[in-house]
Amino acid sequence: MAEIIGGVGTSHVPSIGIAIDKGLTETPDWKPFFDGYIPGKQWMADKKPDIAVVVFNDHGNTFFLDRVPTFAVGVAESYKPVDEGWGPRAVPDFQGATDLSWHFVDKLVENHFDPLVCREIEVDHGLQVPMELFFGRPEDWPVKVVPIWVNTIQYPIPTPQRCWEMGKVLREAIESFPTDEKVVVMGTGGLSHQLQGSRAGFLNREADEAWLDGIANDFEKYRDMSREDYVEQFGSEGAELIMWLVMRAAMNPKVELKHRHYYAPASMTGAGMVVLENA
Ligand code: DHB
Ligand code: FE
């Protein structure tokens with residue numbers, strides 16, 4: 001059966017990708033941010049997963065407000081990086097782990113989830129940037145992907161508890177998938193930020209640091225928080241953190257926090273990373 005070799009959580013701020021495009025990773029502004037990812041990147045290179053399940057949200061790039069699925073799963077053979085308005089990026093297409101995607105969709109429906117199933121779709125920075133942070137800029141990606149979209153854009157967004165339940169189904173799907181492939185689960189988004197309204201620019205370093213410490217082995221409080229709690233503590237866009245719960249729920253109750261990094265602000269966002277292994 002396929003095996004979950006670890007879970008990672010990471011921010012997915014678009015300007016991180018642009019910094020890579022423009023060769024700015026060694027500048028004083030960006031170096032401390034990118035340096036913090038070196039151990040995570042090394043961990044990934046050592047573990048050599050075959051498949052990355054990437055949990056992210058679209059930002060009005062492939063879904064717009066006219067049609068917003070609460071949960072969607074990609075079952076395509078490949079996914080192009082969507083042009084978000086600043087021109088095409090030198091990011092290779094992502095090959096789909098099609099069979100695992102369908103198996104996951106099947107398990108979701110069996111467990112009373114109703115995902116949108118996408119045979120043809122592009123992926124925005126929510127997936128691109130985490131892949132670049134952990135795999136660099138290869139000619140071809142060393143992993144196939146299973147993209148999972150979670151609506152964190154248009155209210156009502158799903159509850160943290162529902163994201164948690166989805167993570168449990170994801171685990172069941174991976175562990176019943178009849179190959180010996182190694183799978184890494186990536187939860188993306190956050191940390192604290194608010195890009196709109198009267199609190200635009202809101203950052204909460206204290207809450208971010210507590211999240212990075214707690215998501216490993218003190219996750220219950222985050223699983224049990226309300227959506228309003230997320231918005232209050234982390235900002236309206238910081239509520240993207242509910243997507244890390246899908247990753248965390250796919251792991252054992254006890255995990256080892258292998259790597260952790262925090263840097264703020266990256267653009268308008270508290271940016272962070274964790275690498276978790278099952279204890
Ligand atoms: C920013 C952060 C995000 O998570 C995002 O999706 C878009 C923009 C930002 O801070 O600029
Ligand atoms: Fe985002």
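The values are calculated or read from the model by the stated rules, or taken from the named source; none is laboratory data. Everything numeric in this text was worked out from a predicted model, so none of it was measured. When we count neighbours, we look across all protein chains shown, and the Cβ atoms used for this are built from the backbone with ideal geometry, even at glycine. All accessible areas refer to the heavy atoms of the entire protein, side chains included, with ligands and DNA or RNA removed. Shrake-Rupley method; radii C 1.70, N 1.55, O 1.52, S 1.80 Å.
Okay, residues lined up against (1) β-branched (Val, Ile, Thr); (2) closer than 17 Å to TYR37 by Cα; (3) more than 19 Å from the chain's Cα centre (by Cα):
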site	(1), (2), (3)
VAL183	yes, no, no
TRP211	no, no, no
GLY214	no, no, no
GLU237	no, no, no
MET243	no, no, no
ARG260	no, yes, no
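So in the range 47-82, with the set limited to residues that are over 26 Å from ASN111 (Cα atoms) and basic (Lys, Arg), which one is farthest from ligand 1 (Cβ to nearest atom)? Taking the candidates together, the pick is LYS48.
When the range 67-97 is filtered for residues that are under 19 Å from the mean Cα position of the chain (by Cα) and farther than 28 Å from LYS22 by Cα, the ones remaining, listed by number, are VAL68, PRO69, THR70, PHE71, ALA72, VAL73, GLY74, VAL75, ALA76, ALA97. Is it true that some residue in the range 13-25 is closer than 29 Å to PRO253 by Cα, in contact (Cβ under 8 Å) with a residue 60 or more places away in the chain and not polar (S, T, N, Q)? The answer is yes; a qualifying residue exists. Scan the range 177-230 for residues that are touching a helix residue (DSSP H, G or I) at 6+ places or on another chain (Cβ under 8 Å) and among the small types (Gly, Ala, Ser) and the total you get is 7.
Inspect all residues belonging to the range 133-155 and state whether any of them is at pLDDT 95 or above, acidic (Asp, Glu), within 27 Å of MET44 (Cβ to Cβ) and surrounded by 19 or more Cβ atoms within 10 Å (Cβ to Cβ). For the range 133-155, residues at pLDDT 95 or above, acidic (Asp, Glu), within 27 Å of MET44 (Cβ to Cβ) and surrounded by 19 or more Cβ atoms within 10 Å (Cβ to Cβ): absent. Contact annotation: residue pairs with Cβ atoms under 9 Å, 6 or more positions apart or on different chains, pairing a residue in the range 114-132 that is acidic (Asp, Glu) with a partner that is assigned to a helix (DSSP H, G or I), are ASP114/LEU108; ASP124/PRO14; GLU132/ILE16; GLU132/GLY17; GLU132/ILE20.
Residues checked against (1) within 19 Å of the chain's Cα centre (by Cα); (2) of a type in the set (Phe, Trp, Tyr):
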{"site": "TRP102", "(1), (2)": "no, yes"}
{"site": "LEU133", "(1), (2)": "yes, no"}
{"site": "ASP140", "(1), (2)": "no, no"}
{"site": "LYS144", "(1), (2)": "yes, no"}
{"site": "ILE148", "(1), (2)": "yes, no"}
{"site": "THR159", "(1), (2)": "yes, no"}
{"site": "GLY190", "(1), (2)": "yes, no"}
{"site": "GLN194", "(1), (2)": "yes, no"}
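Scanning the range 34-59 for residues that are within 16 Å of ligand 2 (Cβ to nearest atom) and open to solvent by less than 20 Å² (accessible area, probe 1.4 Å) yields VAL54, VAL55, PHE56, ASN57, ASP58.
Restricting the first member to the range 224-249 and to residues that are within 14 Å of ligand 1 (Cβ to nearest atom), and the second to residues that are open to solvent by 40 Å² or more (accessible area, probe 1.4 Å) and at pLDDT 95 or above, the beta-carbon pairs closer than 6 Å and six or more apart or on different chains are GLY235/PHE202; GLU237/LEU195.
Considering each residue of the range 109-118 in turn, none proves to be within 24 Å of GLY36 (Cα to Cα), outside any loop (DSSP other than H, G, I, E, B) and more than 16 Å from ligand 1 (Cβ to nearest atom).
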